[in-house]
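One structure below.
The values are calculated or read from the model by the stated rules, or taken from the named source; none is laboratory data. Given the structure is predicted, the values throughout are model-derived calculations rather than measurements. Here Cβ is always computed from backbone atoms with ideal geometry, including for glycine, and neighbour counts include all displayed protein chains. Accessible surface is based on the protein model in full, side chains and every heavy atom, while ligands, DNA and RNA are left aside. Shrake-Rupley method; radii C 1.70, N 1.55, O 1.52, S 1.80 Å.
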Amino acid sequence: MSRGDMAKPLLGHRSMEGDPSITPAAGRTIGVLGSGDFARSLAIRLVCSGFKVVVGSRNPKRKAGLFPSAAEVTFQAEAVKKTDVIFVAVFREHYSTLCDLADVLAGKILVDVSNNTEINHHKESNAEYLASLFPACTVVKGFNVVSAWTLQSGARDGNKQVLICSNNQEAKRTVAEIAQVMGFTPVDMGCMSSAREIENIPLRLLPAWKIPIFLALGLFLCFFTYNLIRQVIHPYIREQKNKLYKIPIEVVNTTLPCVAYVMLSLVYLPGVLAACLQLYHGTKYRRFPDWLDQWLQHRKQIGLLSFFCAALHAVYSLCLPMRRSHRYQLIETAVKQAVEKKMTVWVEEEVWRMEIYLSVGIIALGLLSLLAITSLPSVANSLNWREFSFIQSTLGFIALVISTLHTLTYGWSRAFDENQYKFYLPPTYTLTLLVPCTVILAKVIFSLPCVQQRLLRIRRGWEKGRYVKFVLPSATGEYSSGESSSNV
């Protein structure tokens, strides 16, 4: 990417959101100590943002070609003398090599951009360690959550937030000003004690997805094992038929919709449990249990994993006729029909069942796609709260109902066929109906006027055992006021 292209999203100076005291800083000289990938990307971004950049290196002649021509590459001591704000882009183990510059660095602002290789690898954060080595300097932690790629491609292609912390407010304001001019959004994380947490952020691997992923994998293994017993092990033991070829496609395709269906119901089950607790305690001010609170916070991830499994199920289903085993089965069926001199094998009931099954499944997948799209931040930010709630709550519940119809049409009357109970185990789809039907039944109960009105009063501040004024919409849509207590 050319320097001109990199500078496009940064044309002009942006005012700092929420802090009008911050003024543009383009044109000032910024120092960079280090010559690694991050140091080079940082220098390029600073130059494109209108700053004068001086890079300090132990081998300036050899490293000069790695940096933009507008940046001055010189020895570390010379670079430090020319600026008051210096980005320390070296690893923690190399901090000691800068000790010879302690006198020159005195009074300077040092921006520590380093990260560790492991979470809580050291007892103190890198920024605190740097501050202990240079007590005469002001250390600011920042830019460690921004990758070198984001610096080169511009803030529009990466996370725009830059987390900053320091014990000196003026130093934080100066670094925040620089970050804002570079096109990022500085976020004040407080004093230097927050540096440890900031340094752990880039090392966490999908922290909000850990529980949902383990939940999805657990459900997949359970349903996969159950289907393996029914579709592969049972024919081998009872009929001595080798059905191992079903494992890669057919068994997996039978498992995926089970996981997607149950995961979708788990998105709405915590809301049902929360409503039950509010009705039981008669107040909304009592804290939910920690497990329920965590469950409520992971609903988005659970829903997206449900959509992922449903999408895979659709792809696997489209690939079923492409299997060699399926072609052999078609030929075998045709030969048997010819030998038995059957003119047709058309079964009207099965035809209708499959037509309805596929049609309802397509609608359910379409609604899940809509839910997944609106969960994206860029889309969600364009919706107001009522629109977002309607799509995620109302349409989401409709998707759950349609998925239930999809499952029921798949089972049809086979739930009453004793041949379907292999090893006396019920068909898999009957097990998946337990949680979703519980959620649907609870939603129906909550929609009853007597329950709905009580829950609405609780969520508007009414508490059992206390007289509280409330306002409720009447049947005509008008609002009426009154007093309520636990005896009402």
Fill in: Accessible-area order (highest first, 1.4 angstrom probe) of the listed residues ILE373, ILE458, ILE44
ILE373, ILE44, ILE458
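Could you report the stretch 308-425's accessible area per residue, 1.4 Å probe, as an integer in Å²?
Values: 8290 Å² over 118 residues.
With the other protein chains kept in place, the stretch 308-425 gives 70 Å² per residue.
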Worksheet item: Size of the stretch 410-462 along its principal axes in angstrom, Cα-based, largest extent first?
Response: 54, 17, 15
Discussion item. Please list 3J(HN,Hα) in residue order for the stretch 142-148, calculated via the Karplus relation 6.51 cos²θ - 1.76 cosθ + 1.60 where θ = phi - 60°; whole Hz, with x for glycine and proline.
Written reply: x, 6, 6, 8, 9, 7, 4
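Thinking of the stretch 208-304 as a set of Cα atoms, what percent of all their pairs are more than 22 Å apart? Spell out each step's value before the answer.
Values: 2176 of 4656 pairs.
The proportion of pairs with Cα distances above 22 Å equals 47 percent.
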Worksheet entry | Semi-axis lengths, Å, the chain, gyration tensor of Cα atoms, sqrt of 5 times eigenvalues | 58, 34, 21
Worksheet item: Out of residues 5 or more away from ILE30 or on other chains, whose amide H comes under 5 Å of its own, with H placed 1.01 Å from N in the peptide plane?
Response: LYS52, VAL53, VAL54
Worksheet item: Where in the chain are the helices, taken as whole DSSP H runs, whose Cα atoms extend 24 angstrom or more along the long axis and whose Kyte-Doolittle mean reaches at least 0.0?
Response: 210-228, 252-281, 299-319, 348-374
Discussion item. Straight-line reach only, C-alpha to C-alpha below 16 angstrom: list the lysines that LYS81 could link to, leaving out same-chain residues fewer than 8 apart.
Written reply: LYS52, LYS108
Item to complete: Would you pull out the residues with amide H under 5 Å of VAL139's amide H, same chain only if 5 or more places away, H placed 1.01 Å from N?
Response: LEU110
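Just flag the chymotrypsin sites (Phe, Trp or Tyr not before Pro) in the stretch 242-295 sitting in loop per DSSP whose Cβ has no more than 12 other Cβ atoms within 10 Å. Mind showing how you got there, number by number?
Details: sites: TYR245, TYR261, TYR268, TYR280, TYR285, TRP291, TRP295; in loops: TYR285.
Counting only loop positions with at most 12 other Cβ atoms within 10 Å, the chymotrypsin sites (Phe, Trp or Tyr not before Pro) in the stretch 242-295 are TYR285.
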Worksheet item: What shape does the stretch 29-203 take by its C-alpha gyration tensor, where a ≥ b ≥ c are the square roots of the eigenvalues and a/c under 1.5 counts as rounded, a/b above b/c as prolate, and the rest as oblate?
Response: rounded
Practice prompt. Show the residues, 5+ positions off or on another chain, whose built amide H is closer than 5 Å to the amide H of SER57.
Written response: THR74, PHE75, GLN76
Worksheet item: If you plug each phi of the stretch 79-95 into the Karplus form 6.51 cos²θ - 1.76 cosθ + 1.60 with θ = phi - 60°, what whole-Hz ³J(HN,Hα) values come out, in order, with x for Gly and Pro?
Response: 5, 5, 5, 8, 8, 9, 10, 10, 8, 8, 9, 10, 6, 4, 5, 9, 4
Fill in: For the stretch 209-460, fraction of C-alpha pairs farther apart than 27 Å, in %
46 percent
Practice prompt. Give the relative contact order (percent, whole number) for the chain; include only Cα pairs under 8 Å separated by 6+ residues.
Written response: 10 percent
Worksheet item: When the dipole is taken about the Cα centre of the stretch 209-460, and only Lys, Arg (+1) and Asp, Glu (-1) are charged at their Cβ, what size is it in debye, to the nearest 20?
Response: 600 debye
Practice prompt. Calculate what fraction, in whole %, of the accessible area of the chain sits on carbon and sulfur atoms when a 1.4 Å probe is rolled over the protein chains.
Written response: 60 percent
